[in-house]
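Below is one structure; the comments refer to it alone.
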Amino acid sequence: MQVPFLDLKAQFRTIKEEIIDKIKSILETQRFALGPEVEALEKEIASKCEVKEAIGVSSGTDALLVSLMALGIKPGDEIITTPFTFFATAGVIARLQAKPVFCDIDPVTFNLDPEKLDHLLKKIYRKERKNKVKGIIPVHLYGQCADMDKIIDLAKSYGLFVLEDAAQAISADYPSRKGPKKAGSMGLLGILSFYPTKNLGGYGDGGMVLTNHKGLAEKIRQLRVHGETKRYYYRYIGGNFRLDALQAGVLRVKLPYLELWQEKRRAVASQYEVLFENSGLIDKKLVTLPQAVYKKSGLKNYHTYHQFVVRVKKRDQLQKFLKEKGIETAIFYPRPLHLQRCFAYLGYQVGDLPNAEKAAREVLALPIYAELSFEQQIYLVNCIKDFYQSRSFFD
Ligand SMILES: *Cc1c(COP(=O)(O)O)cnc(C)c1O
């Protein structure tokens with residue numbers, strides 16, 4: 001049996017007619033950069049994510065970059081983030097000649113650990129009363145929100161901005177102290193990615209900035225077109241961060257299905273849980289399941305399950321074994337950012353952020369998507385069991 005890591009062709013088959021109609025209608029208009037299709041998508045996403053403003057941009061990475069530009073980040077500024085995320089989160093900080101400061105993660109959720117963040121901030125502020133820390137970028141990794149109440153409390157007490165990287169967590173719910181909140185709506189700014197493999201994926205690159213701050217939204221709209229305030233008059237030095245109409249059109253066709261697709265992802269996750277529990281792999285600590293820490297809240301979208309990530313023993317051998325059985329898996333992420341060669345100048349050493357380093361050695365992402373069948377899941381769990389049995393880890 002073949003179990004692909006993701007099957008976008010299967011998804012396309014279910015919406016093909018609608019997509020083709022939409023693309024045809026956009027071709028008729030011959031308007032491709034921004035325009036009414038992008039504006040309509042912005043309104044729909046703003047409403048879905050419960051923010052006042054949404055600004056369509058060229059990618060999730062550019063959404064992060066333009067957000068930091070709008071916040072006036074300059075060379076020498078420091079921004080705290082997680083080392084266990086996709087490269088873009090920290091890459092954009094360094095591209096503005098600012099300095100990424102990495103804070104270790106919580107081993108259960110893989111998200112920024114608020115206690116570690118508290119320690120880090122205390123340490124920084126003990127050293128230098130006037131330091132260069134400007135903000136925090138928490139990432140809602142795999143589709144589950146970071147512990148935002150605590151992160152926002154800390155940010156407030158130190159006067160820092162919060163920019164949420166919600167690239168993997170579109171419309172995820174967070175049970176905040178003040179009631180339910182959506183991923184990307186809690187910080188000063190939030191970002192989404194519409195990269196094709198994301199839960200809401202375009203047919204090319206795309207992204208969005210979310211905010212409730214009118215002034216920042218306006219500045220980002222200007223920065224998106226080179227900093228232009230009026231045709232050929234520039235107030236800022238921006239860039240070309242435009243979202244195109246074809247992407248917006250595709251995303252608008254897909255958006256009404258998002259809830260259903262995410263519901264199905266959660267169903268797949270629940271089936272994995274049952275299958276693994278019954279396999280004996282959990283009791284023997286060969287596989288550790290991801291924890292949906294907000295499930296008890298009763299909020300529907302407590303986890304978008306952008307990824308279903310387990311910790312396993314003998315990870316690399318297991319992955320190879322599964323590949324031979326026709327099962328594709330992935331590793332998000334094999335090397336934490338503080339140990340990447342391009343960040344060697346920051347001076348981090350092996351052992352500095354042990355939870356991120358351990359996660360990088362143990363995580364394995366299993367296939368999860370609406371079209372994945374129960375039979376495929378059974379086959380996958382059986383193959384994992386076979387792997388450990390054949391190596392006599394399992395009796
Ligand atoms: C995908 C992703 C991004 C970048 O988005 P692109 O659209 O690929 O530029 C940023 N952060 C995280 C956590 C991501 O998963």
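The values are calculated or read from the model by the stated rules, or taken from the named source; none is laboratory data. Quantities reported herein were computed from a predicted structural model and do not represent experimental measurements. Every residue, glycine among them, receives a Cβ derived from its backbone with ideal geometry; neighbour counts consider all protein chains shown. These area figures cover heavy atoms from the full protein model, side chains too; ligands, DNA and RNA do not enter into them. Shrake-Rupley method; radii C 1.70, N 1.55, O 1.52, S 1.80 Å.
Of everything in segment 168-186 that is in contact (Cβ under 8 Å) with a residue 12 or more places away in the chain and at positive phi, the residue that is surrounded by the fewest Cβ atoms within 10 Å (Cβ to Cβ) is SER171.
Kindly indicate whether GLY76 is away from the ligand (no atom under 16 Å from the Cβ), touching a residue at least 12 places away in the same chain (Cβ under 8 Å) and open to solvent by 30 Å² or more (accessible area, probe 1.4 Å). When the stated conditions are applied, GLY76 passes them. Annotation for segment 248-255: no member residue is in a loop (DSSP other than H, G, I, E, B), more than 21 Å from VAL51 (Cβ to Cβ), over 19 Å from the mean Cα position of the chain (by Cα) and more than 12 Å from the ligand (Cβ to nearest atom). Among the residues of segment 298-311, those identified as over 20 Å from ALA166 (Cα atoms) and out of contact with any helix residue (DSSP H, G or I) (no Cβ under 6 Å at 6 or more places or on another chain) are GLY298, VAL310. Does segment 35-50 include one or more residues that are hydroxyl-bearing (Ser, Thr, Tyr), surrounded by fewer than 18 Cβ atoms within 10 Å (Cβ to Cβ) and assigned by TED's automatic domain parsing to the domain that holds LEU163? For segment 35-50, residues hydroxyl-bearing (Ser, Thr, Tyr), surrounded by fewer than 18 Cβ atoms within 10 Å (Cβ to Cβ) and assigned by TED's automatic domain parsing to the domain that holds LEU163: present.
Residue check: ILE191 meets all listed conditions (1) in a strand (DSSP E or B); (2) at positive phi but one, namely (2). Can you confirm whether segment 10-29 contains a residue that is more than 13 Å from the ligand (Cβ to nearest atom), without any contact (Cβ under 8 Å) to a residue 40 or more places away in the chain and either within 26 Å of PRO138 (Cβ to Cβ) or touching a Lys or Arg at 6+ places or on another chain (Cβ under 7 Å) (or both)? Checked segment 10-29: no residue is more than 13 Å from the ligand (Cβ to nearest atom), without any contact (Cβ under 8 Å) to a residue 40 or more places away in the chain and either within 26 Å of PRO138 (Cβ to Cβ) or touching a Lys or Arg at 6+ places or on another chain (Cβ under 7 Å) (or both). In summary, ASN212 fulfils each of the numbered conditions (1) closer than 17 Å to ILE45 by Cβ; (2) loosely packed, with under 14 Cβ neighbours inside 10 Å with the single exception of condition (2). The residues of segment 357-382 that are surrounded by fewer than 17 Cβ atoms within 10 Å (Cβ to Cβ) and outside any helix (DSSP H, G or I) amount to a single one, SER373.
Residue count for segment 1-34 satisfying the condition of being of a type in the set (Val, Ile, Thr) and open to solvent by 30 Å² or more (accessible area, probe 1.4 Å): 4. Could you tell me whether THR197 is of a type in the set (Val, Ile, Thr) and in a loop (DSSP other than H, G, I, E, B)? Yes; evaluated as a whole, the condition is true for this residue.
In summary, strands (runs of 3 or more DSSP E) completely within segment 67-148 and bearing 3 or more residues that are more than 25 Å from LYS182 (Cβ to Cβ) and modelled with pLDDT of 95 or more occur at 99-102. State whether one or more residues within segment 245-259 are farther than 24 Å from GLN168 by Cβ and free of Cβ contacts under 8 Å to residues at least 24 places away in the same chain. Within segment 245-259 (the criterion being farther than 24 Å from GLN168 by Cβ and free of Cβ contacts under 8 Å to residues at least 24 places away in the same chain), the answer is no, since none of the residues qualifies. Is there a residue being within 24 Å of HIS303 (Cβ to Cβ), of a type outside the set (Ser, Thr, Tyr) and outside any helix (DSSP H, G or I) anywhere in segment 23-46? For segment 23-46, residues within 24 Å of HIS303 (Cβ to Cβ), of a type outside the set (Ser, Thr, Tyr) and outside any helix (DSSP H, G or I): absent. Please go through segment 286-336 and pick out each residue that is open to solvent by less than 50 Å² (accessible area, probe 1.4 Å) and at positive phi. TYR305, GLY326 - these are the residues of segment 286-336 that are open to solvent by less than 50 Å² (accessible area, probe 1.4 Å) and at positive phi. Test ASP113 against the criterion of being within 16 Å of the ligand (Cβ to nearest atom), under 17 Å from the mean Cα position of the chain (by Cα) and open to solvent by 10 Å² or more (accessible area, probe 1.4 Å), and give yes or no. The answer is no for ASP113. Would you confirm, using the coordinates I've provided, whether ASP147 is away from the ligand (no atom under 14 Å from the Cβ), open to solvent by 10 Å² or more (accessible area, probe 1.4 Å) and over 26 Å from GLY76 (Cα atoms)? Yes.
Residues of segment 250-279 that are aromatic (Phe, Trp, Tyr) and either in contact with a Lys or Arg (Cβ under 6 Å, 6 or more places away or on another chain) or more than 18 Å from ILE378 (Cβ to Cβ) (or both): TYR257, TRP261. For a quick check of your reading of the model, give me the residue pairs whose first member lies in segment 130-154 and is over 14 Å from ASP106 (Cα atoms), whose second is assigned to a loop (DSSP other than H, G, I, E, B) and within 11 Å of the ligand (Cβ to nearest atom), with beta-carbon atoms closer than 8 Å and at least 6 apart or on different chains. Qualifying pairs under 8 Å: ILE137/THR82; GLY143/GLN168; GLY143/ALA169; GLY143/ASN199; GLY143/HIS306; GLY143/GLN307.
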